[in-house]
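One structure is given here, and the rest of the page talks about it.
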Amino acid sequence: MTFENTKAFAQELDSQDVLHNYRDEFIFPKVDGKKVIYFTGNSLGLQPKRTKSYIDEIMKDWAELGVEGHFYAHKPWWDYQERFAKPLSKIVGCLPSEVTVMNTLTVNLHLLMVSFYRPTQKRYKIICEEKAFPSDQYMFQSQVHFHGYKPEDAIVEIKRRDGEHNIRTEDVIAKINEVGDALALVLIGGVNYYTGQVFDMKAITAAGQAVGAKVGWDLAHAAGNVKLELHDWNVDFAAWCSYKYMNSGPGNASGCFVHEKYHADKELPRFAGWWGHNKERRFKMEPVFDPIEGVDGWQVSNLPVLSLAPYLASVEMFDEIGMEALIEKRDKITSYLEFILSEIDKEVASNFEIITPSNPQERGCQLSVFLHGEGRDLFDYLMKNGVIVDWREPNVIRLAPVPLYCSFEDMYDFGQILKEGINK
Ligand SMILES: *Cc1c(COP(=O)(O)O)cnc(C)c1O
């Protein structure tokens, strides 16, 4: 499709967009009384209007029923997480028994590492990507320490080649083969938070398992953004937060996947709690842990229902739309933004460098852009003029044109504001 950098063309794309009405389902912050252009849905998604009613329902049930709400609430609390299994399984591509919600992301990755990072003297190394999200780095270091190994020996980072912004699949696989018998775990962010690169999760999972390692994925920037086939890719485990592309609100609950092949293994080490215990017998208060067969066997505490409610509102919205429609718009709006950036770049004779892969198969809806020669005052200008972006020193902005609520007109308007900001 040939794009045009005009308001009329952008509006025409909006009029053809089957998801355009979902924009009205979200509450936008405003600057000078006007909805902002929101590019930070990869950090904290906007609030869907329907979310409040999901929380209000629980507040009402709690007021009217007290403890009885566990069993008699509109959506009983004691097994509230089961409502996620079906819709979430479609979002991440797995069986309903393989997916649940609990805790928060880093906590879940730690809990999953308890089961899937079982180092021995010979096989104890972890492969991750260079400059992984800091929480993941701290997690690896502390896990390695916990087991009595040294981070500098046990953690192997995959590097970018000189002059390249993204990591090559062939380099990941070569490193996996090089570490070989010493490799216990591969755990990488499925979509890199900084560059927006989507890793070849299928190929990397197969390569890791071929040398006898377990393979897990941190899907913080992938869930609700890219196509996932966790079951078919034979991924061992995965977890993601729900407040980025899944719009569940600040710090809210995490999603968690454990492959079916582990469900019957009750001997698999794990850190247990009563919510992972045999569901029918949970309230018999038995002394010996009998894990639920399924990912719910990794549940620990009783459910934070007030924090799950906004996530349920979101998951049900994703279920209405389906990932196919979302991905179709994502590719179009991301390409349109890429086009707008290149047009503005020509007009202002600046030097934007998009470090996100240009191949749509290797990216979701994020474009990370080096604005060579521009500084922090450009960021301030954008923010003051109603463009919410995130800025990384010295001069990188990350732009996520989230298909659920961003419009093509937003992309055009952004281009004009960017141009003014650079020319001023
Ligand atoms: C956002 C993000 C996190 C955040 O972890 P929390 O435990 O939810 O604070 C972790 N890992 C990656 C890759 C992220 O992008």
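Side notes on the structure shown:
- When the criteria are applied in full, Gly216 meets the requirement of being within 15 Å of the ligand (Cβ to nearest atom), over 21 Å from Val315 (Cβ atoms) and touching a residue at least 60 places away in the same chain (Cβ under 8 Å).
- Residues of the stretch 261-273 that turn out to be surrounded by 15 or more Cβ atoms within 10 Å (Cβ to Cβ) and farther than 20 Å from Gln143 by Cβ, as a count: 1
- In the stretch 223-260, the qualifying residues are those that are under 19 Å from Leu185 (Cα atoms) and within 11 Å of the ligand (Cβ to nearest atom), and the one that is nearest to the chain's Cα centre (by Cα) is Trp240.
- Leading residue by the ranking (most open to solvent (accessible area, probe 1.4 Å)) among those in the stretch 74-109 that are part of a helix (DSSP H, G or I) and within 16 Å of the ligand (Cβ to nearest atom): Val107
- Cβ-Cβ under 6 Å pairs, at least 6 apart or on other chains, the stretch 385-398 side farther than 15 Å from Val36 by Cβ, far side surrounded by fewer than 18 Cβ atoms within 10 Å (Cβ to Cβ) and modelled with pLDDT of 90 or more: Val396/Phe370; Arg398/Asp390
- Qualifying positions in the stretch 194-231 - over 26 Å from Lys332 (Cβ atoms) and in a loop (DSSP other than H, G, I, E, B): Val211, Gly212, Ala213, His231
- Selection of the stretch 339-353 for residues being without any contact (Cβ under 8 Å) to a residue 40 or more places away in the chain, closer than 19 Å to Thr6 by Cα and crowded, with 16+ Cβ neighbours inside 10 Å yields only Asp345.
- Among the candidates Ala182, Ala239, Ala210, Ala203, the residue that is touching a Ser or Thr at 6+ places or on another chain (Cβ under 7 Å) and either surrounded by fewer than 23 Cβ atoms within 10 Å (Cβ to Cβ) or not aliphatic (A, V, I, L, M) (or both) is uniquely Ala203.
- Residue within the stretch 397-410 that is closer than 24 Å to Ala349 by Cβ and surrounded by fewer than 20 Cβ atoms within 10 Å (Cβ to Cβ) present: no
- Any hit, the stretch 75-89, residues being among the aliphatic types (A, V, I, L, M), in contact with a Leu (Cβ under 8 Å, 6 or more places away or on another chain) and at negative phi: no
- When the stretch 118-155 is filtered for residues that are within 16 Å of the ligand (Cβ to nearest atom), surrounded by 15 or more Cβ atoms within 10 Å (Cβ to Cβ) and under 24 Å from Ala174 (Cα atoms), the ones remaining, listed by number, are Ile126, Ile127, Cys128, Glu129, Lys131, Ala132, Phe133, Asp136, Gln137, Phe140, Gln141, Ile155.
- Qualifying residue in the stretch 186-193 (condition: in the same structural domain as Ser97 (by TED's automatic domain parsing), away from the ligand (no atom under 11 Å from the Cβ) and part of a loop (DSSP other than H, G, I, E, B)): no
The values are calculated or read from the model by the stated rules, or taken from the named source; none is laboratory data. None of the values given here were measured: they were computed from a predicted structure. Counting neighbours? That spans all protein chains shown, and the Cβs are built from the backbone with ideal geometry, glycine included. Side chains are part of the model used for accessible areas, which takes the heavy atoms of the whole protein and leaves out ligands, DNA and RNA. Shrake-Rupley method; radii C 1.70, N 1.55, O 1.52, S 1.80 Å.
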